[in-house]
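Here it is, the structure, as structure tokens.
The values are calculated or read from the model by the stated rules, or taken from the named source; none is laboratory data. Values in this document were obtained by computation on a predicted structure and should not be read as measured data. All Cβ positions, glycine included, derive from the backbone under ideal geometry; neighbour counts span all protein chains shown.
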Amino acid sequence: MAPGSPILAVLAPDLLGRAFSDAVCGRVVYLWRDGRLRPVVSRSLIAGYLRLWHGLGLSATDRRRWGWWLTAADRAHFVPEDRPPPDSTRLLCERLALESGARHIIHGGSSAVSSDEPVSGPEPFRWRLAAEFLESLASMGQALNGRQAPPAGGPARAG
């Protein structure tokens, strides 16, 4: 990764669900907001995020704002789907990581999405808990901020 380039990563849905109440997951979202992380998304993954946020009670307006961030070319890396999506979120995240070259799939701790076994492909990736991902950045000397969870209305920049 070139200095100043955002880290390409798949954000598992549980991370974006927990980001509203968990400060560690929220810090990962702030890395995205600040341009240091670029999430890899597809139509199926975005649909999963929207279903999750609907279930959590986010308003239609807030879901739309988050959707705009996830579809903005300068904020996310979109992977077109040329075949049906896998049956599980875990397999979808792994496919997106392999197809995009993302080295990380970041999750909030749900056993339904995580895996201890990295899969080898053109670019091997690793499932990482949000805390583990943040620790890996710190060990590489990248400063982290101590911000709390993001607001419901999306990761808007502070003014």
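So which of Arg128, Arg83, Arg33 is modelled with pLDDT under 95, closer than 14 Å to Val10 by Cα, of a type in the set (D, E, K, R) and out of contact with any Leu (no Cβ under 6 Å at 6 or more places or on another chain)? Full working, then the answer.
Details: Arg83 fails: closer than 14 Å to Val10 by Cα; Arg33 fails: closer than 14 Å to Val10 by Cα.
Unique residue meeting the criteria: Arg128.
Just to be sure before I move on: is Leu91 modelled with pLDDT under 95 and over 12 Å from Val41 (Cβ atoms) in the structure I sent? Before the answer, list the steps.
Values: modelled with pLDDT under 95: yes; over 12 Å from Val41 (Cβ atoms): yes.
Against the criterion (modelled with pLDDT under 95 and over 12 Å from Val41 (Cβ atoms)), Leu91 qualifies.
Return the total of residues in region 1-53 being among the small types (Gly, Ala, Ser) and under 20 Å from Arg90 (Cα atoms).
Step one: filter region 1-53 for residues among the small types (Gly, Ala, Ser), giving 2, 4-5, 9, 12, 17, 19, 21, 23, 26, 35, 42, 44, 47-48.
Now drop any that are not under 20 Å from Arg90 (Cα atoms), which leaves 9, 12, 17, 19, 42, 44, 47-48.
So the answer is 8.
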